[in-house]
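One structure is given below, encoded as structure tokens.
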């Protein structure tokens, strides 16, 4: 585009932008928060479980009292199906799988794994962070003083050539993974990637894969992704002790009032069970019962997920249609079309992500901070933006994306004009 | 008593013991567990909070979604009243105050307090353990590698002369306290003890008092104990940063499905808030709402406690009457008569506690392990036994205590006969 044409286009975009500012929007697309109508799907949980319910677990224990540190067998069973792991190796937690991951790292720091010296007593710890990835994962290891190492995310999952090389360094202690509908890329790790994780030969005996299957049942289309079970592959490869598995019902029932769980092989399980035996009186069994009465079983859970899909698939579609209509073929952005999860990942022109997020913010649409999807919050290309379409109602969402498309083009025009 | 008479008495006791064994009892007085009728007191909570309830916090936030990391203002307010602290400095946790204490120690280990090097990087850490005390407190600091130092419990609380001397050692990092109806002694710290805590001058800048007010509203008589507010005394003394405050509703509503809370001064609060911001998506707000709808306010909570008292005061009375009737004036045991809390503390003849617990166990009555109330589970006198009267129904409780009294006398007879 010649300079004068570009300047004209920029002026047009600025006019459009200003008219958006005049609307005084106040929309939040920053976090993967379920919408209010999604929350309504679980309200019946509060009625189904009541004073007439049976408070005894299948073990005979009264769920209103102390006890059952591993959680209810049926809840462990549902998570085993969700995560593709063995039910006998599942531990139920509180309301936050992030909390279980943080505590696992805290356990590594203060007690250590596999009989190794606690991480807290070792020098210069490193942790692998496939990026774009989940900011709160990276933040946990940053908080505990690990050096964060960026591993590129490919269409098949983390760049396994890089991972296999990095783990030869004994100071590399783990890797964060969201293997299905990755946050924010929405991709699912390929069978080959899962198998290479199972066959990983880390130099550190206390290296651990943190396999956060946060979106394991969060399909959005008729052609959902399939994730190979890392548990099964590790069993075959004899590498089960290399992995911690996590999931939760945060985006199935109520975020913050759901159930979290983890799974691990015998050695890790012994370490974590010991940690928990000192840490807590045990997880909230009444909330587990409440979930069991409401969801019933894994099929009931899948049924609940179909209802979520019916509410949020149109939101994803609205965003994708708008991006297609406004940005397709203009060489100013690329974006993902996920089969599930909570995010659409947009790459704008290098050097433009911060500007786009700032422009949107100044017009009343809050996006995830640019760079958040990379270690230390620094995107080396300043290009990736995470779009979270689930929270705003469709009408507001359409407005927000319209603004977003204007900002993407405006930032691109600003950048290109600097070249003249 | 001459030898022959003692032998005759021992034979009688053995006969009584054997007839108890024949009853094949199976009773548990090991832990401070509420009885089933106490749990029933909170069943209505499940009905009062239902799908028709208002899910918005007073702040306008939807409690079904993410957010509000400090907890609901009204819940913080109730805990402020319970703990005698400022509501703005209360943080709501999950279902376990033990978990909050463990996490505080973990925070000290990995991040440190008051800008000091994390405890994990310091040498030879020590922690003060007023004893007899709560085994799970001591266990937390043992787990993290602290040397546990026994401080005698007096009728006024921990021996403050000893405490004041110990804290001159900069490697002493804290002290465990249950200031009201102490577990297991049932005593409440005197005003002077509280004031001496407020005026403590620890050598270590990162020394912290862990003030676990677990039984703050758990009165059992018409003459309840009064605990001076350490918060207020510390404010006067300018020593508020020396203390972490804890409590929970575990023995108010449902153990394991209640609400825990802590309070701290600004500096500590900043450190703990930061820890929590990395650790978790926040506490379960729906369970907070459920509690607020049910308990309403601090008066509602006190009303609930009166109902608990009506159920368990007779159990304490049953134990105390039996102890009086069977053991009074025999010089084989001393015991506490608490105005609240969950325990009766019995001191049998030195060297007899293990034997009594073992005799009771072999006749089907499980007691807290002898020694559990001391650091490392080792009672130097092998004398203290913690009796937890709340869980068994009164009828069974009476049987259990009858057996207990036989075992106390039998163990004493065995011991005295060895002297001849």
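A few comments on the model shown:
- Annotation: residue A:136 fulfils all but one of (1) within 12 Å of chain B (Cβ to nearest Cβ); (2) touching a helix residue (DSSP H, G or I) at 6+ places or on another chain (Cβ under 8 Å); (3) more than 24 Å from residue B:283 (Cβ to Cβ); the unmet one is (3).
- Residue that is nearest to the other protein chains (Cβ to nearest Cβ) [pool: residues in the stretch B:105-115 that are touching a helix residue (DSSP H, G or I) at 6+ places or on another chain (Cβ under 8 Å) and part of a loop (DSSP other than H, G, I, E, B)]: B:111
- Of the residues making up the stretch B:71-100, those that are in a helix (DSSP H, G or I) and within 16 Å of residue B:240 (Cα to Cα) number 5.
- Scanning the stretch B:379-394 for residues that are surrounded by fewer than 16 Cβ atoms within 10 Å (Cβ to Cβ) and out of contact with any helix residue (DSSP H, G or I) (no Cβ under 9 Å at 6 or more places or on another chain) yields one hit, B:380.
- Residue in the stretch A:251-266 that is assigned to a helix (DSSP H, G or I) and over 18 Å from the mean Cα position of the chain (by Cα) present: yes
- Count - residues of the stretch A:364-378 that are surrounded by 23 or more Cβ atoms within 10 Å (Cβ to Cβ) and in contact (Cβ under 8 Å) with a residue 24 or more places away in the chain: 5
- Residue count for the stretch B:343-361, restricted to those that are in a helix (DSSP H, G or I), surrounded by fewer than 24 Cβ atoms within 10 Å (Cβ to Cβ) and in contact with a strand residue (DSSP E or B) (Cβ under 8 Å, 6 or more places away or on another chain): 1
- Residue within the stretch B:10-26 that is closer than 30 Å to residue B:395 by Cβ, touching a helix residue (DSSP H, G or I) at 6+ places or on another chain (Cβ under 7 Å) and not in a helix (DSSP H, G or I) present: yes
- Taken over the stretch A:262-303, the criterion of being away from chain B (no Cβ under 13 Å) and on the phi > 0 side of the Ramachandran plot is satisfied by A:296 alone.
- Listed conditions (1) at pLDDT 95 or above; (2) in contact with a strand residue (DSSP E or B) (Cβ under 7 Å, 6 or more places away or on another chain); (3) buried (at least 17 other Cβ atoms within 10 Å of the Cβ); (4) more than 10 Å from chain B (Cβ to nearest Cβ) are all met by residue A:25, apart from (1).
- Condition check for residue A:318: buried (at least 23 other Cβ atoms within 10 Å of the Cβ), at pLDDT 95 or above and farther than 29 Å from residue A:140 by Cβ: no
- Counting the residues of the stretch A:116-133 that are in contact (Cβ under 8 Å) with a residue 60 or more places away in the chain, within 29 Å of residue A:278 (Cα to Cα) and either surrounded by fewer than 22 Cβ atoms within 10 Å (Cβ to Cβ) or more than 14 Å from chain B (Cβ to nearest Cβ) (or both) gives 1.
- Per the conditions (1) more than 10 Å from chain B (Cβ to nearest Cβ); (2) buried (at least 22 other Cβ atoms within 10 Å of the Cβ), the sole criterion not satisfied by residue A:101 is (1).
- Only one entry of B:52, B:57, B:87, B:44 meets the criterion of being touching a helix residue (DSSP H, G or I) at 6+ places or on another chain (Cβ under 9 Å), without any contact (Cβ under 8 Å) to a residue 24 or more places away in the chain, surrounded by fewer than 23 Cβ atoms within 10 Å (Cβ to Cβ) and within 14 Å of another protein chain (Cβ to nearest Cβ), and that entry is B:52.
- One residue stands out in the stretch B:294-308 among those that are more than 22 Å from residue B:37 (Cβ to Cβ) and in contact (Cβ under 8 Å) with a residue 12 or more places away in the chain: the one that is surrounded by the most Cβ atoms within 10 Å (Cβ to Cβ), namely B:298.
- Checking each residue in the stretch B:106-129 for being under 26 Å from residue B:214 (Cβ atoms) and in contact with a strand residue (DSSP E or B) (Cβ under 8 Å, 6 or more places away or on another chain) picks out B:108, B:113, B:119, B:125, B:126, B:127, B:128, B:129.
The values are calculated or read from the model by the stated rules, or taken from the named source; none is laboratory data. Everything numeric in this text was worked out from a predicted model, so none of it was measured. Please note: Cβ atoms are built from the backbone with ideal geometry, for glycine as well, and neighbour counts cover all protein chains shown.
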